[in-house]
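The values are calculated or read from the model by the stated rules, or taken from the named source; none is laboratory data. Note that this is a predicted model, so its numbers are computed, not measured. Cβ coordinates were reconstructed from backbone atoms using ideal geometry, including for glycine residues, and neighbour counts include every protein chain displayed.
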Amino acid sequence: MRPATIRWAGPSLLAVALAFAVPAWAEPARLDEQAAVEAARGRGELRDATEGALDAARAEADEAGLWPNPTFEYERDRTKEVGGAVLQDTYRLSQPVDISGRRFLRQDAALRRADSAQAEGRQRMADAGAEARRLFHAVLMRTQALDAAQGWAARLGEAETVLTKLRQGREVSGYDARRLSREKLAADAKVRAMGADLAESWERLRAVMGLPAGSPMLRLDGKLLPPPPLGLDDLMGRLESRPDLQGLRSRIAASELERRAADRGWIPELTVGAGLKQVDRPESRDQGVLLTVSAPLPLFDRGQASARKAEAQTRATSADLALARIKAEGEVRGLWRRTIELRDTALKFRESAVAPSRDLARIAQAAYRAGEMNVLELLDAHKALWEAETTALELEFGAREAHSDLILAAGEPTP
């Protein structure tokens, strides 16, 4: 029966598919890299954190654009005059009015901060995808490393079987038997240690994907050796799409708008009022319309401190952007070179070392059975094959890690 391959269809559907889609007697379901990345990005907690921060920033923008609440005043004045008391009742409704445009500038600044929060959310999603990608390939590498160690232990087991038959004919010494037994114990211990490493990597990947505890380990579909990276010029051209750099640019724009708003601090905010005034005298009753206009005098605070603060924030954030841009360029160039060199090294090593080591181990096994080679030479051939396979996996994993970091450094696309 062909095993099922899990591909992304939303976090809840993925969990259901993993738990129920594949019968217990069937081969375990398979998981590819893209499904792992999308599952990590689709976790509810990550979505809530991203959307919550963005909603809060947008609420601040809405708040910055609101008109101030009007003020209602009532005043009653009673005075005594010749002939009786005089009552004055005043009803007034006042509304602050921004004639400088500061409110609109501050709202635009808040919207730019919301853009920065959105960019931070995209960066959080990219980081989650990159972490899932690294853990996916860590599980893949440790699975293959465990297979290599099990192959080493199995070959030693076959050699032990041959040695047992030879001992029955008294064709080998007791030292050879003990030496092979010790090597077999070391191989078995290595298998158990690698199994523990694999279990740890799977648990971390499972948690990042949002799968429930106790989920069975899936068979991974994918290659450890990465594909050739894009050209360096293409990668450098994608730097401007990095969410962290976009977020810094939005923060610079917000600070500049705040500075422009502060520069208009010399324009006062008017408060316009209208109402009714009634005067009751013993002999008459009068009333009339009341109009008021008030404005603070910008003698001391004309927004100069706020303007200086916004200008300093613009300068600091611009410097942060320049430093981040330089660092990103260095990361992309370095990771691109590392990916190219490690990938070429891994290809050449697997071609020149692993296959010949496998042939030598097979020849040594046959020669030992024929009595043409001692046990130390046999053990050396088997261990050399395991070391060659392990080194090849380490080189391929190093190239894959560099490739994954390169994708993130160059501005990984996010939904």
**Report entry** Ser201 being modelled with pLDDT of 80 or more, among the polar types (S, T, N, Q), under 25 Å from Ala153 (Cα atoms) and exposed (fewer than 14 other Cβ atoms within 10 Å of the Cβ)
**Finding:** no
Query raised in the report: Can you tell me which residues in the stretch 303-317 are touching a helix residue (DSSP H, G or I) at 6+ places or on another chain (Cβ under 7 Å) and not hydrophobic (A, V, I, L, M, F, W, C)?
Result: Gly303, Ser306, Glu311, Gln313, Thr314, Thr317
Query raised in the report: Within the stretch 97-119, is there a residue that is in a strand (DSSP E or B) and modelled with pLDDT under 95?
Result: yes
Report summary line: All conditions in (1) among the aliphatic types (A, V, I, L, M); (2) under 30 Å from the mean Cα position of the chain (by Cα); (3) outside any helix (DSSP H, G or I) are true of Leu342 except (3)
Query raised in the report: Could you list, in sequence order, the residues of the stretch 375-407 that are without any contact (Cβ under 8 Å) to a residue 60 or more places away in the chain and of a type in the set (Val, Ile, Thr)?
Result: Thr391
